[in-house]
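Only one structure is covered here, and it is reproduced in the block below.
The values are calculated or read from the model by the stated rules, or taken from the named source; none is laboratory data. Here the structure is a predicted model, which is why all the values come from computation and not from measurement. Cβ placement follows ideal geometry from the backbone for every residue including glycine, while neighbour counts extend to all protein chains displayed.
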Amino acid sequence: MTITAIRMLPWALVTLLVLGAGAGPAWAHHRPNNEVLIGGAISMTGQYAEPAGRNVNSIKLWVDDVNARGGLLGHKIVLRLLDDKSDTQTAIKLYEKLITDDKVDLVLCPYSSGITEAVSNVTERYKMPLVAYGASASTIWEKGRRYIFNIVAVAEDFQKGAVHLARQIGVKRIAVIGQDSLFPRQSGKGVKDWAKKLGLEVVLDENYPPKQTDFTALLEKIKAAGAEAIFSNSYFADAAAQLRQMRELNLNFKLFSSTVGPALPNFPEQLGATADYILGFSLWEPLPAVLGYTGMKEFIERYEKRYGEKPNYHAGAAYGALQVTEAAVRKAGGFDSEKLRDAMATIDVQTIFGHYKVDARGMNSHEGITFQILRGQRRVVWPEKWAETKAELPMPEWSKR
Amino acid sequence: MGRHEHARNLALLGALGLALGFLPPMLSVYLRSFALFTMMYVVLALSWNIISGFTGYTSFGHVAFYGIGAYACAILVTDYGWPWLPTLAVGALVAAVAAVALGYPVLRLKGPYFAIAMLGAAEGTRVVATVWDGLTHGGLGISLPSAETSLPTYYAMLALMVVTIAVTYAIGHSRFGVRLNAIREDEVAAEALGIDTTLYKLAAFTLSGVFPAVAGGIQAYKVLYIDPPSVFFVQITIAMALMSMLGGKGTVIGPIVGAVILYTVQELTWVNFPTAHLIAYGLFIVLVARFMPRGLVGFAIDRGWARKGMVH
Amino acid sequence: MERSEVRRLYLLAAFLVCAYALPFVVGAWAGTVRFDERWLANLATVVIAGVMQGGVYAMFAVGLTLIFGVMRIINAAHGEMVMLGAYLTWVCFFYLGVDPLLSIVLTLPVAFLFGLAMQKLLLDAVVGQPELTGLLITFGLGLVMIYTVELVFTTDFRTIPYAPGTVQLTSTIAVGQNRVISFVMALVITAAVYVFLQQSRLGKAVRATAVNAEVAMVCGINVRRVYLLTTGLAVALAAAGGALVSIQFGFNPETGVVYTLQAFAIIILGGRGNYVGALIGGLMLAVLENLVSLMVPNGTAMVELASYGLMIFVLLIRPAGLMGLRED
């Protein structure tokens, strides 16, 4: 047994590898010369599926729009989207495969700062330029990377409006909580920095594991610390749980502000009246009369016609970033990575999402909107130049609603 | 087993190492990655086998050592600017110390209790890595500075695999291995025969923790991004256990065969059935555990295709 | 009991007292603890919430301890049974419009049958084998369950809006309505099963088999049937736990994983196969978790450490836990 087995083993291994190598090229896509392959891993399942799904809607819309106009520099776009399951390691593997095996011409950005941070190591190594729309943590751009650019505002400014509004109503002590991953941590850092600048005291600063569902003790802790307002740096499920439990425990605060969650369409639907009076942040809202970006109105109409709902900021950001990509490809005259990279770094363009012109690190300066959910509707309350209505703060107590 | 047979097996191992060493230029980057991870799982399965196959103490938390190695490498390279190779030695050392510190109390437990305790230890290590963010950056994870090609990690993993196979073979054909088996079969009797079971168990446990730590360090440098949930992932322990079991727990060849087969199957299903591959994987685990608990090698022995020795 | 046994029990008790005191000590040192009326009200709220939560935890731990006790199998898919219960309840609520509590009447039999099938097809072959086989087979089953549910229901978090109001116990202590309801239901169900195990013939057969299966067989007990009953009961209890969880928290296919690990910690604390031990363990763990979260700085992130730490120390001090029999 020993002799036979050990003798056979190296051959077995080599056979397997050769078979695999032979099968390898079959896995890659052969495409006629006139097509260009664009690929990316986007979360179709997992905790990021809701926001990422809206990125995907825009991606598909953009591909069809460009193909209808004759394609990218005359090349028809073929799209290859894979599911990273909201998991970082899966995303890394998928991008390595897309770049080295499928040999995509252009890469798309994944969703979430955490995944983008991990994936950008891969895109840097293989020198694939991309404009990010699903990531906002500035730390990604502070590492000297050359091939990644951003169109959205930094995570640190997401709650800037909310902090300003807190000060306006005289709040002095705040609690900052958040999920323990890249984006919420950076957004939380922003809250603390702004609080310091505006003279608010942070009485509690705590992270929780991403899958946490029971916030009873944490909420009581916040109350015990004497906080008047809560700044939650979260995604969908956790923000929803926090609100429901605040109501169950009859804990009243003057202000509750959260990232991501409230900007998703079914947040007010799922929570009903419990979601009223909270503040949320949006990078962009489908309000052409208020924001007036180039081509917004037509984009909103096309999107609504195709998907039956108005685009939210995830959809807007993806489309805007792809518009930039298209403009960069045209400026570079092709898909050569160095030329494309330089084009993305220097181009100055107006998109449906806003203005794009990046600084030396690759970051855009984009301004977002703080809104409040009032009777199930999102209303812009900050900055003042765009405000639809004055914020109804402090939040009324649960028993009085 | 005579001297000739040992020499021949050693030569075969060397030939395997050389063959795999010449492979990279012929492969695409993707396949090189695949080969690297296959070799990594061979290392992991063999290591797990030392404590759980030979010695009979089923560890359900072995991924802790892997994670320790990964973090040692990542922290030293990113925050302290160390060159990559020495960090592997540090990872191995930390894992060894952890193994002794953890093993001494925990190896006193029997069967299922040891397994659960190890699971708790692995999860506990994950939580510590998440919470102690001064050291580990917590939930943010660590991004390592990029190397130009992936070749150095390939060769490092190859070297590690060869060493692990050699060590396992050595254990399997030595008195040390016989004593470990004695502990597995009947610990009380072994103790009565004068074997210092505590010492032997601890030695086996420590050895079994060192190799995964080095593997973890190499993997961190390859993938360039780690965070607590990915390097302390319970499914990695499951994979180690399943691979050993599939091939044949307690043998030398078993974990190697199991690792190669299982990892290849996993990769093929992942590529071809992205949505359903985990369902297929789960089913596979159920079927193997249900029908082949003694693994392929055990199956072969039962059929008389193989000679039943202590190890193969 | 011999003296070393008694000593171990005292040591365990002492350890538990220290474990509970620790959050207070750390909190006092870090300044999060104040002994005024408001803070004590916060503490009371948190403890009460913990007790309510513990009742539900106990319900799924009890099933796990039964399987471990009777068959020496560690069911790594137990959390997925809970998840199954939650989804079944949701389906009844969303598609059939049935009140979640009433749907338990539908969910329990379905879960029971699932348990029977699981035993017949998978676990019967595994009884008596080394623990790894049981762990792997149930782990595989868990994976299949998670990803099949994901295929059907996607990973979206589901919630069942039920009794969202609050119950004001005093002017400063409140508890969620749905929590109280869950707790009461959990008590009712676990009490019913307890009575069954103590009084009925089948129940006594189960307990006898847990102590020693061979002797039970000699006494004429159909051990195979006992196994079937045990698993069916365990899965049904877990599913009921899932139903109760579904009205309190959001859930998705992967939420079961965390419950499995907590259930492990609970049954270790309570003692293998010991029903009442699991109940006590559940309450103790839930309260400890809440105390840690309330008083330790950055405590919410460390809650898991509490359950694993507790588990490991109990294993090292007295593997049989609080109420388990000394190991054979």
Item to check | Selection count, segment C:313-322, where residues are in a helix (DSSP H, G or I), surrounded by fewer than 23 Cβ atoms within 10 Å (Cβ to Cβ) and either touching a residue at least 60 places away in the same chain (Cβ under 8 Å) or β-branched (Val, Ile, Thr) (or both) | outcome: 2
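Residue-wise test of (1) in contact with a Phe, Trp or Tyr (Cβ under 8 Å, 6 or more places away or on another chain); (2) assigned to a helix (DSSP H, G or I); (3) crowded, with 17+ Cβ neighbours inside 10 Å; (4) in contact (Cβ under 8 Å) with a residue 12 or more places away in the chain.
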residue: C:Ala191; (1), (2), (3), (4): no, yes, no, no
residue: C:Ala205; (1), (2), (3), (4): no, yes, yes, yes
residue: C:Thr230; (1), (2), (3), (4): no, yes, yes, yes
residue: C:Leu233; (1), (2), (3), (4): yes, yes, yes, yes
residue: C:Ala240; (1), (2), (3), (4): no, yes, yes, yes
residue: C:Tyr259; (1), (2), (3), (4): yes, yes, yes, yes
Next on the checklist: Looking at the structure I just gave you, is B:Ala129 closer than 20 Å to B:Thr78 by Cα, modelled with pLDDT of 90 or more, touching a Ser or Thr at 6+ places or on another chain (Cβ under 7 Å) and more than 9 Å from every other protein chain (Cβ to nearest Cβ)?
Outcome noted: yes
Item to check | Considering residues of segment A:367-385 that are out of contact with any Asp or Glu (no Cβ under 9 Å at 6 or more places or on another chain) and not acidic (Asp, Glu) only, the residue farthest from A:Val163 (Cα to Cα) | outcome: A:Gln377
Checklist outcome for this item: Going through (1) more than 28 Å from C:Thr89 (Cβ to Cβ); (2) touching a residue at least 12 places away in the same chain (Cβ under 8 Å); (3) within 11 Å of chain A (Cβ to nearest Cβ) one by one, C:Asn298 fails only at (2)
Item to check | Enumerated helices (runs of 4 or more DSSP H) restricted to segment C:23-121, each holding at least 3 residues that are more than 12 Å from chain A (Cβ to nearest Cβ) and over 30 Å from C:Val152 (Cα atoms) | outcome: C:37-71
Next on the checklist: Scan segment B:25-38 and tell me whether some residue there is within 13 Å of the chain's Cα centre (by Cα) and facing another protein chain (nearest Cβ under 10 Å).
Outcome noted: yes
Checklist outcome for this item: Taking first residues from segment B:168-180 that are without any contact (Cβ under 8 Å) to a residue 24 or more places away in the chain and second residues anywhere that are assigned to a helix (DSSP H, G or I) and among the aliphatic types (A, V, I, L, M), the pairs with Cβ under 9 Å that are 6 or more apart or on different chains are B:Arg179/B:Ala190
Item to check | So C:Tyr20, is it touching a helix residue (DSSP H, G or I) at 6+ places or on another chain (Cβ under 7 Å) and within 18 Å of C:Ile247 (Cβ to Cβ) | outcome: no
Checklist entry - Mind checking which residues of segment C:29-43 are in contact (Cβ under 8 Å) with a residue 40 or more places away in the chain and surrounded by fewer than 16 Cβ atoms within 10 Å (Cβ to Cβ)? => result C:Ala30, C:Glu37, C:Arg38
Checklist entry - Which residue out of B:Ile261, B:Ile301, B:Ile238 is in a helix (DSSP H, G or I), within 12 Å of chain C (Cβ to nearest Cβ) and surrounded by fewer than 22 Cβ atoms within 10 Å (Cβ to Cβ)? => result B:Ile238
Checklist entry - If you scan segment A:357-395, which residues turn out to be farther than 30 Å from A:Pro129 by Cα and among the basic types (Lys, Arg)? => result A:Arg375, A:Arg378, A:Arg379, A:Lys385, A:Lys390
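One line per residue, one yes/no per condition, for (1) farther than 25 Å from C:Leu261 by Cα; (2) surrounded by fewer than 17 Cβ atoms within 10 Å (Cβ to Cβ); (3) more than 14 Å from chain C (Cβ to nearest Cβ); (4) under 21 Å from the mean Cα position of the chain (by Cα):
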{"residue": "B:Leu242", "(1), (2), (3), (4)": "no, no, no, yes"}
{"residue": "B:Gly248", "(1), (2), (3), (4)": "yes, no, no, yes"}
{"residue": "B:Thr251", "(1), (2), (3), (4)": "yes, no, yes, yes"}
{"residue": "B:Val257", "(1), (2), (3), (4)": "yes, no, yes, yes"}
{"residue": "B:Asn272", "(1), (2), (3), (4)": "yes, yes, yes, no"}
{"residue": "B:Leu278", "(1), (2), (3), (4)": "no, no, no, no"}
Checklist entry - Which members of segment B:39-65 meet the condition of being crowded, with 24+ Cβ neighbours inside 10 Å, among the small types (Gly, Ala, Ser) and within 13 Å of another protein chain (Cβ to nearest Cβ)? => result B:Ser52, B:Gly53, B:Ser59, B:Gly61, B:Ala64
Checklist entry - Only one of (1) among the hydrophobic types (A, V, I, L, M, F, W, C); (2) within 14 Å of chain C (Cβ to nearest Cβ); (3) in contact (Cβ under 8 Å) with a residue 24 or more places away in the chain is not met by A:Phe253, so which one is it? => result (2)
Item to check | Among residues of segment B:104-135, those that are of a type in the set (S, T, N, Q) and more than 22 Å from the chain's Cα centre (by Cα), counted | outcome: 1
Checklist entry - Of everything in segment A:55-86 that's in contact with a Lys or Arg (Cβ under 7 Å, 6 or more places away or on another chain) and in a helix (DSSP H, G or I), which residue is surrounded by the most Cβ atoms within 10 Å (Cβ to Cβ)? => result A:Leu61
Next on the checklist: For the list (1) within 12 Å of chain A (Cβ to nearest Cβ); (2) in a helix (DSSP H, G or I), I need the number of the one condition that C:Tyr162 fails.
Outcome noted: (2)
Checklist entry - Which residues, counting only those in segment C:165-184, are over 10 Å from C:Ala41 (Cβ atoms) and surrounded by fewer than 19 Cβ atoms within 10 Å (Cβ to Cβ)? => result C:Gly165, C:Val167, C:Gln168, C:Gln177, C:Val180, C:Val184
Item to check | Where A:Thr139 falls short, out of the listed (1) under 19 Å from A:Gln47 (Cα atoms); (2) within 15 Å of the chain's Cα centre (by Cα) | outcome: (1)
Checklist outcome for this item: Taking segment A:74-116 and the residues there that are touching a Ser or Thr at 6+ places or on another chain (Cβ under 8 Å) and among the β-branched types (Val, Ile, Thr), the one that is farthest from A:Gly46 (Cα to Cα) would be A:Thr100
Next on the checklist: With the structure loaded, tell me whether B:Val223 is facing another protein chain (nearest Cβ under 10 Å) and within 20 Å of B:His173 (Cα to Cα) or whether it fails that test.
Outcome noted: no
Checklist entry - Any residue at all in segment B:5-21 that is part of a loop (DSSP other than H, G, I, E, B) and out of contact with any Pro (no Cβ under 7 Å at 6 or more places or on another chain)? => result no
Item to check | Condition met for A:Ile92 (within 12 Å of chain B (Cβ to nearest Cβ), outside any loop (DSSP other than H, G, I, E, B) and free of Cβ contacts under 8 Å to residues at least 60 places away in the same chain) | outcome: yes
Checklist entry - Of (1) within 30 Å of A:Phe236 (Cα to Cα); (2) free of Cβ contacts under 8 Å to residues at least 60 places away in the same chain, A:Lys76 satisfies all except one. Which? => result (1)
Next on the checklist: Which pairs turn up if I take residues in segment C:1-20 that are touching a residue at least 40 places away in the same chain (Cβ under 8 Å) and look for partners that are of a type in the set (S, T, N, Q) and part of a helix (DSSP H, G or I) with beta carbon separation below 8 Å, at least 6 apart in sequence or on another chain?
Outcome noted: none
Checklist entry - Of these, C:Ile137, C:Ile146, which one is more than 7 Å from every other protein chain (Cβ to nearest Cβ) and either surrounded by 17 or more Cβ atoms within 10 Å (Cβ to Cβ) or in contact with a helix residue (DSSP H, G or I) (Cβ under 7 Å, 6 or more places away or on another chain) (or both)? => result C:Ile146
